[in-house]
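Report on the following structure.
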Amino acid sequence: MENKDVNISKLHYISVGVAANSNSPFLSVTAIEDSRAQTTLVNKQLIDRLGQVEVIGSIKVRGVLGRGAPCQLVRLQIGLLDDEHLIDS
């Protein structure tokens with residue numbers, strides 16, 4: 001078996017506010033910043049805390065190894081936080 005160098009990048013974290021819709025209060029959470037992501041993955045426990053979220057479909061999320069996992073595709077309101085306040089965009 002051939003040894004190959006593996007490059008591991010340091011993770012960067014940001015503070016974001018997440019809400020079920022534009023009329024709901026934002027919950028402050030820490031997220032991994034990933035500018036190459038095609039979609040945002042959110043823990044099911046956070047979705048449960050948000051309450052009534054709009055389910056718009058289903059997808060299969062596949063990692064590097066193994067089979068894909070079926071997931072609900074939901075619509076959320078997400079914004080950057082600065083000292084617990086949303087940053088206007």
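Here are the numbers for the structure shown:
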{"quantity": "Top-ranked residue of the range 46-61 - restricted to ones that are charged (D, E, K, R) and exposed (fewer than 10 other Cβ atoms within 10 Å of the Cβ), ranked as farthest from LEU73 (Cα to Cα)", "calculated": "ASP48"}
{"quantity": "Options ILE87, ILE59: the member that is out of contact with any His (no Cβ under 6 Å at 6 or more places or on another chain) and modelled with pLDDT under 85", "calculated": "ILE87"}
{"quantity": "Residue match in the range 18-29 (condition: at pLDDT 85 or above and in contact with a Phe, Trp or Tyr (Cβ under 7 Å, 6 or more places away or on another chain))", "calculated": "yes"}
{"quantity": "Filtered residue count, the range 47-72, keeping only those that are outside any strand (DSSP E or B) and either touching a residue at least 12 places away in the same chain (Cβ under 8 Å) or among the β-branched types (Val, Ile, Thr) (or both)", "calculated": "7"}
{"quantity": "Candidate set from the range 14-45 (those that are aliphatic (A, V, I, L, M), in contact (Cβ under 8 Å) with a residue 24 or more places away in the chain and not in a loop (DSSP other than H, G, I, E, B)); member that is surrounded by the fewest Cβ atoms within 10 Å (Cβ to Cβ)", "calculated": "ILE14"}
{"quantity": "Among residues of the range 62-75, those that are surrounded by fewer than 10 Cβ atoms within 10 Å (Cβ to Cβ) and at pLDDT below 90, counted", "calculated": "5"}
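The values are calculated or read from the model by the stated rules, or taken from the named source; none is laboratory data. Model, not experiment: these values are computed from the prediction. Please note: Cβ atoms are built from the backbone with ideal geometry, for glycine as well, and neighbour counts cover all protein chains shown.
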